[in-house]
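The structure appears right after this line, and notes come after that.
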Amino acid sequence: MTNNAYKNFTILPKFPIDYFLNIYDKYKDILLNSTYEDFNDVMLHDDASIKLVIFLKNHEITNVVQDMFDVEVPCCGFMINFPRAGVWHPHTDRRPCGLNIPIDVDTTSSHFFSGDVSDAIENKNALDLSPQQDASRRNKKFLYEPEKYQFYNSRHPILLNTKQVHGFANYADTYRTLFSIDFIEPYGDVLETFPKDWYDNDL
Ligand SMILES: [Fe+2]
């Protein structure tokens, strides 16, 4: 295991990102305005502060990404946070963990944060309900309590425990674009499968 200063995420300075930068170059002109007709096997989500373009199990990109890992990748995709969107509410995900890769991130005016569910106050009046989710699958939302979180500017990829509270903020005048890979196994189990040189580092 890594000697990790962060409780619920691990920085992966040497995770190879060239493939993800290349597919961003290929798709960046249509990502923001894309519709279902632009892709096969995708799921789209838009709201006032974020757009998600998620490649599903049969998409060629998901197949390429799957080959990078020894654990199952059910889907992956671009997460585009709008300029000056501020704090995206602290929440937990349905997926157990994810790998977030910075594609185009202002590392001085945006950040990721992570805390423990047991330390945070659940905001029961603000449950998330995306169109694909029924009530039993809602993500939990929490009050924004920065004093309880650890922060990272997403300069490098991270594996994050998405069953713990996490979120992000963008105060930059530019889009904050990441590529996020889903896993179906728990954070610790996924991390154990990663090559040691992805997270051995001089940080
Ligand atoms: Fe999340």
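A short reminder: the numbers here are calculations on the coordinates, not readings from a lab. Everything numeric here is computed off the predicted structure, so don't read it as measured data. So basically every Cβ, Gly included, is an ideal-geometry build from the backbone, and we count neighbours across all protein chains shown.
Applying 1/(1 + (r/R0)^6) with R0 = 25 Å to the Cβ-Cβ distance of Leu32 and Asp189, what FRET efficiency is obtained, to the nearest 0.05? Once rounded, the FRET efficiency stands at 0.10. Counting Lys and Arg as +1 and Asp and Glu as -1 over every other residue whose Cβ lies under 13 Å from the Cβ of Phe112, the net charge comes to +1. Our helix-only sum for the chain, with -39,500 (n - 2.57) per DSSP H run of n ≥ 4 divided by its residues, gives a mean residue ellipticity at 222 nm of -4000 deg cm²/dmol.
Taking amide H positions as modeled 1.01 Å from N, with prolines and chain starts lacking one, the residues under 5 Å from Gly98 and 5 or more places away or on another chain are Leu160, Thr162.
Approximating the spin labels as points 7 Å out from Cα along Cα→Cβ, the Asn22-to-Phe69 distance works out to 2.0 nm.
For the pair Asn123 and Thr108, the difference between a 0.36 nm per residue extended length and the Cα-Cα distance amounts to 2.5 nm.
If you take the alpha carbon atoms of the chain and fit the smallest convex hull around them, that volume is 126 Å³ per residue. Legend: residue pairs Lys7/Lys57; Lys7/Lys148; Lys141/Lys163; Lys57/Lys141; Lys14/Lys163; Lys26/Lys57, Cα-Cα distance threshold 18 Å; pairs beyond threshold, Lys7/Lys57; Lys57/Lys141; Lys14/Lys163; Lys26/Lys57.
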